[in-house]
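Working notes, structure below.
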Amino acid sequence: MSNEKSIDISSRKVVAMRDVHEAVAAGATRIVIDENAVVTPSAKDFLQQRNIVLDKSGKANAATPPSTTVVAASSAQRRPAPNPRLFTTPEAEAIKKEICAVGKKLWLRQFVDGNGGNISYRIGPNEVICTPTLVSKYDLTPEDLSLVDLEGNQIAGTKPRTSEIFLHLEIYKAVPEAKSCVHCHPPHATAYAITGRVPPNMVIPEFEVFVGKVAISPYETPGTAEFAQTVLPYVKTHNTVLLANHGIICWADSVTHAEWYAEVLETYCWTLMLASQLGAPISYISEQKGSDLLAIKKKLGLPDIRFDTSRMKECQLSDLKVPGSIALTPGPCDGNTGRPAETDLEMLVKSVPDAVMETIRAK
Ligand SMILES: [Zn+2]
């Protein structure tokens with residue numbers, strides 16, 4: 001009895017896995033909650049399995065703040081309490097199937113390996129369906145998915161949510177139009193990300209319309225709050241961001257569309273790399289024709305930093321030095337010979353993954 005330790009989290013209206021996990025990690029044998037608090041099924045199971053007492057004698061206005069608060073209470077408090085019931089609606093079931101189908105696409109296209117990559121969908125104002133940690137995207141089933149609130153607390157689902165969910169949540173908090181995020185590690189786009197380069201623009205129309213300007217966010221350790229926040233300067237004006245030394249993240253109005261953007265970017269990067277091997281300069285779409293593409297993009301309601309003339313005033317459409325993105329051209333050709341400059345060729349060969357070299361050799 002002398003080892004009993006009580007932790008009070010009665011200021012929480014919803015007691016989720018993350019809350020009880022942190023309390024137990026802090027040594028709690030009894031957790032005091034408000035009598036009207038909603039306890040998620042996974043949190044209940046977690047406590048039952050460990051014989052932790054759930055004491056409902058607390059009061060919501062208790063002075064002790066929850067130890068799990070991770071963001072300024074002001075923004076979190078403005079949101080409604082998360083609703084676990086949104087996880088089992090017909091819409092949620094359809095979204096879960098779509099996430100599993102997209103997971104298979106990512107794996108089949110070699111955009112993810114091992115347990116890499118993650119997918120999410122914002123189904124309510126404070127509810128996001130997401131993929132679990134440590135499951136291959138090829139093997140995903142609807143039962144593997146979970147529901148989290150915008151602070152990352154798991155409120156439904158039995159498998160622990162991905163540790164990279166905070167990256168997605170930062171995007172949902174910053175961009176109201178973002179309904180789905182797909183994070184993956186496609187090799188050719190990631191090759192750009194590991195060299196700190198973004199692909200040049202105005203080479204292929206589809207890329208300009210659906211993706212366009214790509215930003216690159218600085219490296220941070222995956223799963224940390226710092227990592228999640230690296231994308232914030234870019235996500236309002238870019239639907240696709242390269243994550244330095246890591247991979248990419250795309251957001252869209254649906255899970256399927258977010259995965260499309262990953263495909264469009266990856267194929268574009270791959271095509272540019274192949275073109276760089278041909279020894280001839282890449283030809284660019286003219287500025288006038290480029291304006292037509294941007295007009296199409298605007299009509300589709302897709303974001304592009306080039307719509308923001310105040311941020312683009314010193315830049316031309318095809319210019320690479322856009323505020324908010326570290327932009328360097330990939331392996332430019334030698335102006336006189338049309339062949340790649342020696343140093344650039346060397347850098348390119350070093351950065352291109354073996355898969356690309358295999359493909360080129362096979363042709
Ligand atoms: Zn990742």
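Amide H neighbours of residue 203 under 5 Å, counting only residues 5+ apart in sequence or on other chains, H built in-plane at 1.01 Å?
HN-HN under 5 Å from residue 203: 285.
What distance in nm separates the two pseudo spin-label positions at residue 174 and residue 256, each 7 Å out from Cα along the beta-carbon direction?
Those two pseudo-labels are separated by 2.8 nm.
For residue 136 and residue 206, calculate 0.36 nm times their separation in residues minus their Cα-Cα distance, and state this gained length in nm to one decimal.
So the extension gain works out to 22.2 nm.
Would you kindly derive the ³J(HN,Hα) couplings of the range 80-97 from the backbone phi angles with the Karplus curve 6.51 cos²θ - 1.76 cosθ + 1.60 (θ = phi - 60°), listing them in order in whole Hz, with x for Gly and Pro?
Couplings: x, 4, x, 10, x, 5, 5, 6, 10, 6, x, 5, 4, 5, 5, 5, 4, 5 Hz.
Evaluate the distance, in nm, between pseudo-label points positioned 7 Å from the Cα of residue 225 and of residue 115 along their respective Cα→Cβ axes.
2.4 nm
If amide hydrogens are placed 1.01 Å from N in the peptide plane, which non-local residues have theirs closer than 5 Å to the one on residue 56?
HN-HN under 5 Å from residue 56: 33.
What does the net charge come to around residue 143 if you take all other residues with beta carbon closer than 9 Å to its beta carbon, with K and R at +1 and D and E at -1?
Here the charged neighbours net out to +1.
Rounded to whole Hz and in sequence order, give me ³J(HN,Hα) for the range 151-168 from the Karplus expression 6.51 cos²θ - 1.76 cosθ + 1.60, θ = phi - 60°, writing x for Gly and Pro.
With coefficients 6.51, -1.76 and 1.60, one gets 9, x, 6, 6, 10, 7, x, 9, 8, x, 5, 4, 6, 8, 4, 4, 4, 5 Hz.
Share of Cα-Cα pairs in the range 145-225 beyond 22 Å, in percent?
Roughly 39 percent, rounded to a whole number.
Values in this text are rule-based calculations from the coordinates and carry no lab data. None of these values were measured; they are calculated from a predicted model. Neighbour counts run over all protein chains shown; Cβ positions are idealised from the backbone, glycine included.
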